[in-house]
Structure formats: C-alpha cells, structure tokens
1. How much of the accessible area of the chain, in percent, comes from carbon and sulfur atoms when a 1.4 Å probe is used?
2. Residue separation times 0.36 nm, minus the C-alpha to C-alpha distance between Tyr41 and Asp53: what's the value?
3. Lys and Arg at +1, Asp and Glu at -1: add these up for the other residues within a Cβ distance under 13 Å of Val47 and post the number.
4. How large is ³J(HN,Hα) for each residue in the stretch 187-204, as worked out from phi by the Karplus curve 6.51 cos²θ - 1.76 cosθ + 1.60 (θ = phi - 60°), to whole Hz, x for Gly and Pro?
5. From zero outward in steps of 5 Å, how is the percent of C-alpha pairs of the chain spread across the bins?
6. Over the chain, average the accessible area per residue using a 1.4 Å probe and give it in Å², no decimals.
7. Placing unit charges on C-beta atoms (Lys and Arg positive, Asp and Glu negative, everything else neutral), compute the dipole magnitude of the chain about its Cα centre in debye, rounded to 20.
8. Show that you can apply the helix-only estimate: for the chain, add -39,500 (n - 2.57) for every DSSP H stretch of four or more residues, divide by all residues, and state [θ] at 222 nm to the nearest 500.
Amino acid sequence: MRIHVVDHPLVAHKLTTLRDKRTDSPTFRRLADELVTLLAYEATRDVRTEQVDIETPVTATTGVRLSHPRPMVVPILRAGLGMLDGMVRLLPTAEVGFMGMVRNEETYEAHTYATRMPDDLSGRQVYVVDPMLATGGTLVAAIRELIKRGADDVTAICLLAAPEGVEVMERELAGAPVTVVTAAVDERLNADRYIVPGLGDAGDRMYGTAG
C-alpha cells in the first residue's frame, strides 16, 4: 500500500479552518469540498488515459481522454457524500457508486448496510472517499469489497488519517493495489477512536447530529 500526504499550503490552510471548532456546518461543507478537489488532483495523477486524434481550429493533433472503463467514485455514506462533488468536479465523466457502512460503537467493527455499484468492477480504477481514516476498519472492509468485485486499482481519499489506521490498512491490505491520499497523518487515536488533534466527527460537522 502506498500513502501520499499532500504537502501544499492551500491544503494546510483549508485543513486548519476545518479543524477549528468554531467553523459552522455550511463553511465546513464548502471547505471540505474545496479540499477534496485539491486532494483529487493529486490522487488522479495516474488515472488511465488513451490517445485520441482531434482537430483544433488550426490543425490536427493528438491528445488524451479517459480510457474505458471509466473510473468510478465511491463515497462511503454518510460523511463521504460531502466529498462527492469535489471529486466529480474533477472527474465529471466518472461513474458513481455508493457504499453505506456503519461502525459498531462497542466493537468498532464496520458493517455494510447498503451498496449501489456494479457487481463487476474488472479493470476499473476506483476512488473511494471517506473523510477520516481512523481505525481503518471501514476502509479495509470497503476496499476488500471493491477488490472482490474486480477493481484492480483503488485509491482512498481522506481528509485526515491516524497512524493506527494506516498501520491496519498496511497489514490487512498487504499486496493489494491500494493508495491512500490524505491532507495529513495526525498524532494518534484517543480512547473513543477519534483522531487527535483531528477535526471531530466529520459527518456531524457537515450535516449536524440529527439521526
């Protein structure tokens, strides 16, 4: 597994405001959307393309376009929805799937309650988006499902990661075609499995605490 921490002053600036507890939900959603686009720019450096012949107003030339099958973006519900627009803004022709996952607050294990994506992902590059790589359980479960369906290149895009979660992914997904792109790897997890210093519960801060 590869991990890429995006070192850019705009990334650091937006992440600092996301961390601030005074940042309200509308501002948090907007900044998360902007930050995801910056992370996606780095995450898609190896997106697959094919050559195409075109005519400019001046002459014929050769360019590139995204190859088939199209890449797929898979947000993990619910917090991953707040990252979807930032991804499809950069990859407007990508297809979108969904995975609904919930964490057992006693065992911290992730369980899938809904999926909406093709059964066959053979040859697909898949970009799975989830704001927080904390314990790693949710992303490991999600990526295993994607690989089981045939995805051969999976990139997880997270706003933040914890060292413990990175370690779990490296152990559980050893040898798998997986890359993690994140704005920062923080210090640690606390006793409640929140990232420290982190930014709190990303879903609650994006959408409020209802439900």
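1. Roughly 50 percent of what the probe reaches on the chain is carbon or sulfur.
2. Stretched out fully, the Tyr41 to Asp53 stretch lengthens by 1.8 nm.
3. Cβ neighbours under 13 Å give a net charge of +1.
4. Once rounded to whole Hz, the list reads 6, 5, 9, 8, 5, 8, 6, 9, 6, 10, x, x, 8, x, 7, 4, x, 5.
5. Here the calculated profile for the chain is 1, 7, 15, 20, 21, 15, 9, 5, 3, 2, 1, 0, 0.
6. Result: 51 Å² of accessible area for each residue.
7. Taking the Cα centre of the chain as origin, the dipole is about 300 debye.
8. Computed mean residue ellipticity for the chain: -10000 deg cm²/dmol.
The values are calculated or read from the model by the stated rules, or taken from the named source; none is laboratory data. From a predicted model like this one, the values you see are computed outputs, not experimental measurements. A quick note on method: Cβ atoms are made from the backbone with ideal geometry, for glycine too, and the neighbour counts reach across all protein chains shown. The area values use the complete protein model at the heavy-atom level, side chains included, leaving out ligands, DNA and RNA. Shrake-Rupley method; radii C 1.70, N 1.55, O 1.52, S 1.80 Å.
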